[in-house]
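Peer 1: This is the structure, below, for whatever I ask next.
Values in this text are rule-based calculations from the coordinates and carry no lab data. The structure displayed is predicted, hence computed values, not measured ones. Note that each Cβ is placed from the backbone with ideal geometry, even for glycine, and that neighbours are counted across all protein chains shown.
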Amino acid sequence: MRDDIKEILLSEEEIAEKVKELGTILSNEYRDKNPLVICVLRGAVVFMADLIREMDIPCEMDFMAVSSYGSGTESTGVVKILKDLDTSVQNRHVLVVEDIMDSGLTLSRLVELLRHREAASVKVVTLLNKPERRKVDITPDYSGFTIPDEFVVGYGLDYAEKYRNLPYIGILKPEVYTK
Ligand code: PRP
Ligand code: MN
Ligand code: MG
C-alpha cells in the first residue's frame, strides 16, 4: 500500500493536533445545543470517530451515505443518497462532518436538503478543503487543512475503495490511477 504513495501530505501527528483543535472549537460552539453530528459515509468515518472524541459535550450522531464519485477520481456531479438519516433534523443543530470538500457538490446538496428539512442550523466541518476545485459557491464553516489539487488518500479517503485505512494522508502516485 505504502508503495503507491508518492508523499505523505499530512502525518498522523499533524492530523491529531488539528482534530483536537477543531474539537475544542466545536465544543465551545455547540455547548448546550445537543448537536446532531452527521457523518457522510464512507470517507468521513475516520475523521468523525476522532473528532467526536475531542468534543467534550453531549452530542448525538447519525450517518448518511451519498455518492458522487463512483470508483473514479472525478466527481460526476450527480449526488445520490444511498442511505438516509434515521434521526429527524427538524429544529436540531446539525453539524455535517466531511473528509474533503472538492467540487463542493456533495456538501451543497446535503446542506440544501438539511435546510429544507428545517434544521435549526446547518454547519459543515471538513478536514480537507480543495478550494481550487470548487464548482459551486460553498465555503466550509470549519476546515482543517487547505490542500493543493493532488489526489489524496488515507484517513478515510479512498481511491477505488482502497487506502481508507492508512493512518496518514498521502498523495497517490499518478501511475496508480492512470494505468
Ligand atoms: C468524496 C469525499 C467527499 C466528496 C467530495 O466522497 O469523501 O464526500 O467526494 O467531493 P465533492 O466536493 O466534489 O462533492 P465519495 O463520493 O468518493 O464517496 P466516499 O466518501 O464513499 O469515498
Ligand atoms: Mn465522501
Ligand atoms: Mg470516494
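Peer 1: Near K6, which lysines are there with a Cα under 28 Å away, not counting those fewer than 8 places off in the same chain?
Peer 2: Counting by Cα, and skipping residues close in sequence, K6 has these lysines nearby: K18, K20, K130, K135, K162, K173, K179.
Peer 1: Does the stretch 1-46 come out rounded, prolate or oblate, given a ≥ b ≥ c as the square roots of the eigenvalues of its C-alpha gyration tensor, rounded meaning a/c under 1.5 and, failing that, prolate meaning a/b above b/c?
Peer 2: Numbers: a/c = 5.50, a/b = 1.92, b/c = 2.86.
It comes out oblate by the Cα gyration axes.
Peer 1: Now for a separate question. Arranged from highest to lowest average of other beta-carbon atoms within 10 Å per residue, in what order do the peptides 7-20, 98-111, 146-159 appear?
Peer 2: 98-111, 146-159, 7-20
Peer 1: Let me ask something else about it. Pull out the extension gain between D3 and V136, defined as 0.36 nm times the separation in residues minus the alpha carbon to alpha carbon distance; nm, one decimal.
Peer 2: Taking D3 through V136 to full extension adds about 44.4 nm, to one decimal.
Peer 1: Okay, moving on. Assuming 1.567 mPa s and 4 °C, estimate D for the chain with Stokes-Einstein, Rh taken as the Kirkwood radius over Cα pairs, in µm²/s. Before the final figure, lay out each step's value.
Peer 2: Numbers: Rh = 16.5 Å.
This corresponds to a translational diffusion coefficient of 79 µm²/s.
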